[in-house]
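J.: Here it is, the structure, as structure tokens.
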Amino acid sequence: MLRELYIENLAVIKNAVITLDKNLNAFTGETGAGKSILINGINAVLGQRITRDIVRTGSEKAVVTALFTNLSKNVQNKLDELGIEYSDDEITVTREINADGGSIARINNRAATVSVLKELGEMLINIHGQHDNQILMSPERHTEVLDSFGGDCSFLEDYRKSFRELQQCARKLSAMKKEQLSESERMIYLQAVVEEIRPLELEENEDIQLEEEYLMLKNSTDIINALQSSGAYISNDLSLIHI
């Protein structure tokens, strides 16, 4: 849970430390009193997109630090995955927003990317607005709402794992079918070749003999010319010599 929020130079707030009770906390006030600034500060430490306009006029940067306690198992697992150490079941998340537009994020004083901050922030706090009920109109969000209500997302992860395995099996099956089809087409081709040469009643190794004869006939002109030239040299008849 969010236990404490420290804000410095954020919009109209110069410096404030807000301690939250483990029960219900309510912030009231007229329009412009600064209620939305608190939400903007919380969004900042959750890794949400912010602009330099949020920095207090005349300040170099704004700083928002949030203390979270009683970390859930999912948050602890994510911290372990990121290699971020924590103790006493609590962490601090800081976001510094520079007046030039840049920002720096830290988790337990360790530098972190905004994307990591956002990924972790989604596990730390749920912020609901006045139009949240509209997600019920989006069928693609129904599974998320149902799993969130049930408090167990393991079924979804099991389904995703099984679906990935199914995709792998489908790819292997497709590859096997293509291989089988290729073998079948080659078998048909070879059978056609066999049927074509069967009437020739070829004997074993006759193809080698035919190839040798073919090569000999192919070179017959050169052989005849060579023989005639040899005979001419022997008979001393130069008119028969081929150069």
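The values are calculated or read from the model by the stated rules, or taken from the named source; none is laboratory data. Only a predicted model underlies this, so the values are computations on that prediction, with no experimental measurement involved. Here the Cβ is made from the backbone with ideal geometry for all residues, glycine too, and neighbour counts use every protein chain on show.
J.: Can you find a residue in region 111-125 that is over 25 Å from I37 (Cβ atoms) and touching a Phe, Trp or Tyr at 6+ places or on another chain (Cβ under 8 Å)?
T.: No: zero hits.
J.: Please state which one of V75, V12 is exposed (fewer than 14 other Cβ atoms within 10 Å of the Cβ) and aliphatic (A, V, I, L, M). Spell out how you get there, then give the answer.
T.: Details: V75 fails: exposed (fewer than 14 other Cβ atoms within 10 Å of the Cβ).
Every option except V12 fails the conditions.
J.: One residue is enough: does region 156-169 have a residue meeting the conditions small (G, A, S) and under 21 Å from the mean Cα position of the chain (by Cα)? Talk me through it step by step, then tell me what you get.
T.: Residues of region 156-169 small (G, A, S): 162.
Pick out the ones that are also under 21 Å from the mean Cα position of the chain (by Cα) and you get 162.
So far as region 156-169 goes, yes, one or more of its residues are small (G, A, S) and under 21 Å from the mean Cα position of the chain (by Cα).
J.: Identify the residue in region 104-147 that is among the hydroxyl-bearing types (S, T, Y) and modelled with pLDDT of 85 or more and, among all such residues, is nearest to the chain's Cα centre (by Cα).
T.: S115
J.: Filter region 154-197 down to the residues that are of a type in the set (G, A, S) and over 30 Å from E144 (Cβ atoms) and list them by number.
T.: S174, A175, S182, S184, A192
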